[in-house]
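Trainee: Before we start, here is the structure in question, set down as structure tokens.
The values are calculated or read from the model by the stated rules, or taken from the named source; none is laboratory data. These numbers come from a predicted model, not from an experiment. When we count neighbours, we look across all protein chains shown, and the Cβ atoms used for this are built from the backbone with ideal geometry, even at glycine.
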Amino acid sequence: MPPEQGPTVQGVPVTSRNWQDPPVNRWAFWHVPEILPTYRVPRGHEPARPLRPRSSAPDLRAVPVLRADSAASSVGEVLADTFTDAYVVLQDGELVTEWYGPEGAPDRTHALMSVSKSVLGCVAAVLIDSGQLDPDGEIVRYVPELAASGYAGALVRHVLDMRSGVRFAEEYANPDADIRRLDEWIGWRPGEPAGEPRGLHAFLATLPAEAPHGGRFLYRSAESDVLGWVCERAAGQPMARLAAELVWAPMGAEHDAGLLHDGLGAAVYDGGLCATARDVARFGQMLLDGGAVPDGDGGTRRVVPPQWLRRAWAVDADTRAAFAASPAEWAFPGGWYRHQFWFRPGGYGDVLLALGIHGQMVHVSRRTNTVCVKFSSWPRAQEPAYLEDTLRAFDAAGGFLAGRDPGGPGAPGRRRLAGVVSGLSRGGDTSPPPTVI
């Protein structure tokens, strides 16, 4: 069972029930291991990938941004107005700027929420490349415990791209939704409904099917949880070790990460990672560089198979059509979802995104050669205006650094608000979102 109570913030005790709610979440997101059970994801023993500070770096805070409501603003104002806990911006692999709020520091880990899914996707990529995991293999081949569930007949690639036919309602404002039942089963809401937690794995076995596998796209955290379980079975290793040995250490992380678990041993694959902003930026840079990192001798070494990332970036007609028919199209018109990544047409070309509730983000732009990371503690899990304004701010920052004309062709213009796209909720957000993905 997780710790029942942590310290008090502004007179409110921090517990496993309220850690995502204001006012305690601004503290709690920087101190997750003090509240919930966590595995260590070691960085290994090799030197960390250097983040060389850019000499005479520009002040990005003054870069102009047109907000979603058409108000003229700046990057600095957007970051100040959207409950930012930390941000890091890289260009050409150099550290352009970073900032931390009062609770944060370069060596302190923060909750990543569903940004974790993108790390999980890279773990799966390495296992597929090594032949340990078959993307066309049936899920129950790896996890027979799911044979009586809706995942019977589904393939690994279906959960990789969130295209199984399993029913899972990710409705944060609905106390009876599957996402809330998941909270109860893993014991993060102790005593609900009663007794000890029954565990993440047992919960996944209760999910039924409602549609054919491989057809629709629908964003569901349960898909990532199944994928994580499958990866563990395929490799014969726990996820904390797989993430460390296949991604975290090879990419040159400077600090250990943490990975939440359900108190019974199962990792929270869909949203349990905690890491430093600099290391998340290193992860984004590795993705920008096609899955490779410097080897220290003037060359590069591969972490993630480059063809995996090429397939994700190069949307095909089937992937695009499934996305266009989903609620996600309202959030990111023209976008797609593949391999546990979001893709969005941005102001300066397509952008790869890793997103987590309460405002966690990795924004990777090949056109501007930038990586932008933001940690946040939004008061609610879903804040569409905050998300859209942040995307515009990072588009603008990248365009400025790349010397692009902010008023020229392809510059960020007026778009619809981004919808709810960012994954698992563990808190008490009860306000209805404009749309749910």
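Trainee: Determine which member of the set Asp270, Asp256, Asp262 is within 15 Å of the chain's Cα centre (by Cα) and acidic (Asp, Glu).
Mentor: None of the other options fit; the residue is Asp270.
For every residue, the table says whether it meets (1) at pLDDT 95 or above; (2) part of a helix (DSSP H, G or I); (3) crowded, with 24+ Cβ neighbours inside 10 Å.
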site	(1), (2), (3)
Ser224	yes, yes, yes
Gln237	yes, no, no
Ala243	yes, yes, yes
Pro250	yes, no, no
Ala253	yes, no, yes
Leu260	yes, no, yes
Gly265	no, no, no
Tyr269	yes, no, yes
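Trainee: Within the range 142-182, track down each residue that is of a type in the set (D, E, K, R) and closer than 24 Å to Ala235 by Cβ.
Mentor: Those that are of a type in the set (D, E, K, R) and closer than 24 Å to Ala235 by Cβ: Glu145, Arg157, Asp161, Arg163.
Trainee: Here is a follow-up. Out of Leu95, Leu51, I need the residue that is in contact (Cβ under 8 Å) with a residue 24 or more places away in the chain and either under 20 Å from Gly399 (Cβ atoms) or in a strand (DSSP E or B) (or both). Which one?
Mentor: Of the residues listed, the single one that is in contact (Cβ under 8 Å) with a residue 24 or more places away in the chain and either under 20 Å from Gly399 (Cβ atoms) or in a strand (DSSP E or B) (or both) is Leu95.
Trainee: Looking only at the range 298-318, which residues are modelled with pLDDT of 95 or more, of a type in the set (A, V, I, L, M, F, W, C) and surrounded by 15 or more Cβ atoms within 10 Å (Cβ to Cβ)?
Mentor: Residues satisfying the conditions are Val303, Val304, Trp308, Leu309, Ala312, Trp313.
Trainee: I'd like to verify a number: residues in the range 329-378 that are part of a loop (DSSP other than H, G, I, E, B), in contact with a Phe, Trp or Tyr (Cβ under 6 Å, 6 or more places away or on another chain) and either aromatic (Phe, Trp, Tyr) or buried (at least 24 other Cβ atoms within 10 Å of the Cβ) (or both), how many?
Mentor: Applying the first criterion (part of a loop (DSSP other than H, G, I, E, B)) to the range 329-378 yields 332-335, 339-340, 348, 357-359, 366-369, 377-378.
Next cut, in contact with a Phe, Trp or Tyr (Cβ under 6 Å, 6 or more places away or on another chain) only: 335, 358-359, 367-368, 377-378.
Add one more test, that the residue is either aromatic (Phe, Trp, Tyr) or buried (at least 24 other Cβ atoms within 10 Å of the Cβ) (or both), and what stays is 358-359, 368, 377-378.
Final tally of qualifying residues: 5.
Trainee: Can you find a residue in the range 94-108 that is buried (at least 23 other Cβ atoms within 10 Å of the Cβ) and within 19 Å of the chain's Cα centre (by Cα)?
Mentor: no
Trainee: Filter the range 112-166 for residues that are among the polar types (S, T, N, Q) and either touching a residue at least 24 places away in the same chain (Cβ under 8 Å) or part of a helix (DSSP H, G or I) (or both) and give the result. Reasoning before the result, please.
Mentor: Kept after step one, since they are among the polar types (S, T, N, Q), are these residues of the range 112-166: 114, 116, 118, 130, 132, 149, 164.
The answer is Ser114, Ser116, Ser118, Gln132, Ser149, Ser164.
Trainee: Taking Asp69 as meeting all but one of (1) under 24 Å from Glu254 (Cα atoms); (2) in a loop (DSSP other than H, G, I, E, B), write down the number of the exception.
Mentor: Result: Asp69 passes all but (1).
Trainee: Suppose we filter the range 83-92 for residues that are in contact with a helix residue (DSSP H, G or I) (Cβ under 6 Å, 6 or more places away or on another chain) and surrounded by fewer than 19 Cβ atoms within 10 Å (Cβ to Cβ); how many remain?
Mentor: Number of matching residues: 0.
Trainee: Exactly one of these conditions fails for His339: (1) of a type outside the set (Gly, Ala, Ser); (2) in contact (Cβ under 8 Å) with a residue 60 or more places away in the chain; (3) more than 22 Å from Leu227 (Cβ to Cβ). Give me its number.
Mentor: So the condition that His339 fails would be (3).
Trainee: Looking at (1) more than 30 Å from Pro47 (Cα to Cα); (2) modelled with pLDDT of 95 or more; (3) not acidic (Asp, Glu), find the lone condition where Ala281 falls short.
Mentor: (1)
Trainee: Evaluate the following for Leu112: is it surrounded by fewer than 20 Cβ atoms within 10 Å (Cβ to Cβ), of a type outside the set (D, E, K, R) and touching a strand residue (DSSP E or B) at 6+ places or on another chain (Cβ under 7 Å)?
Mentor: In short, no.
Trainee: Of (1) among the small types (Gly, Ala, Ser); (2) within 26 Å of Asp289 (Cα to Cα); (3) under 23 Å from the mean Cα position of the chain (by Cα), Ala80 satisfies all except one. Which?
Mentor: (2)
Trainee: Another one. Given the structure, is Gly121 within 21 Å of Val304 (Cβ to Cβ) and either surrounded by fewer than 19 Cβ atoms within 10 Å (Cβ to Cβ) or among the hydroxyl-bearing types (Ser, Thr, Tyr) (or both)?
Mentor: No.
Trainee: Only one of (1) in contact (Cβ under 8 Å) with a residue 12 or more places away in the chain; (2) at positive phi fails for Gln285. Which number is that?
Mentor: (2)
Trainee: Can you tell me which residue in the range 180-189 is farthest from the chain's Cα centre (by Cα), limited to those that are modelled with pLDDT of 75 or more and not charged (D, E, K, R)?
Mentor: Per the stated criteria, the residue is Trp185.
Trainee: Related question: If only one of Arg49, Arg67 is basic (Lys, Arg) and out of contact with any Ser or Thr (no Cβ under 8 Å at 6 or more places or on another chain), which one is it? Quick ask: steps written out before the conclusion?
Mentor: Details: Arg67 fails: out of contact with any Ser or Thr (no Cβ under 8 Å at 6 or more places or on another chain).
Among Arg49, Arg67, only Arg49 is basic (Lys, Arg) and out of contact with any Ser or Thr (no Cβ under 8 Å at 6 or more places or on another chain).
Trainee: A further question follows. Using the structure shown, decide if Leu146 is in contact with a helix residue (DSSP H, G or I) (Cβ under 8 Å, 6 or more places away or on another chain) and within 17 Å of Val230 (Cβ to Cβ).
Mentor: Yes: the conditions hold for Leu146.
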